[in-house]
Amino acid sequence: MIRFLLILLIPLTSFADGPLPFFERLELKNIDGVDDQKVQLILNETTHKRNYILDLDKVEIDYVGDGDIEFSNGKIINRWKKSYFVGGGAFWYDIERDFKGKLLKVIDHSKANDCFNSDEFKVFHDELRKQLQLQGEDQFCV
């Protein structure tokens, strides 16, 4: 039954990626300290992991970001979120999300090498720049 639900709930684009058959790339994990009707579903892609929260009670699934995630105080910390500078080049940072995947807060990367003052935020894409301004950040480290 749960496999049938997953087929209906996960976007079909996920079927095309990865070296293994779809169901061999799935992991289900309990989320400690959270409603026991919610589980983390991890879809292992070729180069990264896609994370979903599956609500078994409501039969809903929400995408909550790629990469490594942690659960803390009823929120999700998305580690090693990858993005690109406006002029090109990758960088990584951490974010805090709710259980529906909504961005709550941008967080300096835990292993940051480069810091940017607010007058340098133009190197970041619009969504990230707006979130930093909304949070009142005067520096951001990636």
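The values are calculated or read from the model by the stated rules, or taken from the named source; none is laboratory data. What you see is a predicted model, and the numbers here were worked out from it, not measured in a lab. Cβ atoms come from the backbone with ideal geometry, glycine included; neighbour counts cover every protein chain shown.
Taking the criterion of being aliphatic (A, V, I, L, M) and assigned to a strand (DSSP E or B), the residues of the stretch 38-81 that qualify are Val39, Leu41, Ile42, Leu43, Ile53, Leu54, Ile61, Val64, Ile69, Ile76, Ile77. Just give me the residues in the stretch 47-58 being surrounded by fewer than 15 Cβ atoms within 10 Å (Cβ to Cβ) and either of a type in the set (A, V, I, L, M) or in contact with a Pro (Cβ under 6 Å, 6 or more places away or on another chain) (or both), in sequence order. Scanning the stretch 47-58 gives a single hit, Leu56.
May I ask you to verify whether Gly74 is at positive phi, surrounded by fewer than 18 Cβ atoms within 10 Å (Cβ to Cβ) and at pLDDT 90 or above?
The answer is no for Gly74.
Among residues of the stretch 37-49 that are in contact (Cβ under 8 Å) with a residue 40 or more places away in the chain, those with a Cβ under 8 angstrom from a residue that is part of a loop (DSSP other than H, G, I, E, B) and surrounded by fewer than 18 Cβ atoms within 10 Å (Cβ to Cβ), sequence gap 6+ or separate chain, pair up as Lys38/Ile31; Lys38/Leu56; Lys38/Phe99.
Are there strands (runs of 3 or more DSSP E) fully within the stretch 95-142 with at least 2 residues that are closer than 23 Å to Ser72 by Cα, among the aliphatic types (A, V, I, L, M) and free of Cβ contacts under 8 Å to residues at least 60 places away in the same chain? List them. Walk me through how you get there before you give the answer.
Numbers: elements: 103-107, 115-117, 139-141.
Strands (runs of 3 or more DSSP E) meeting the threshold: 103-107.
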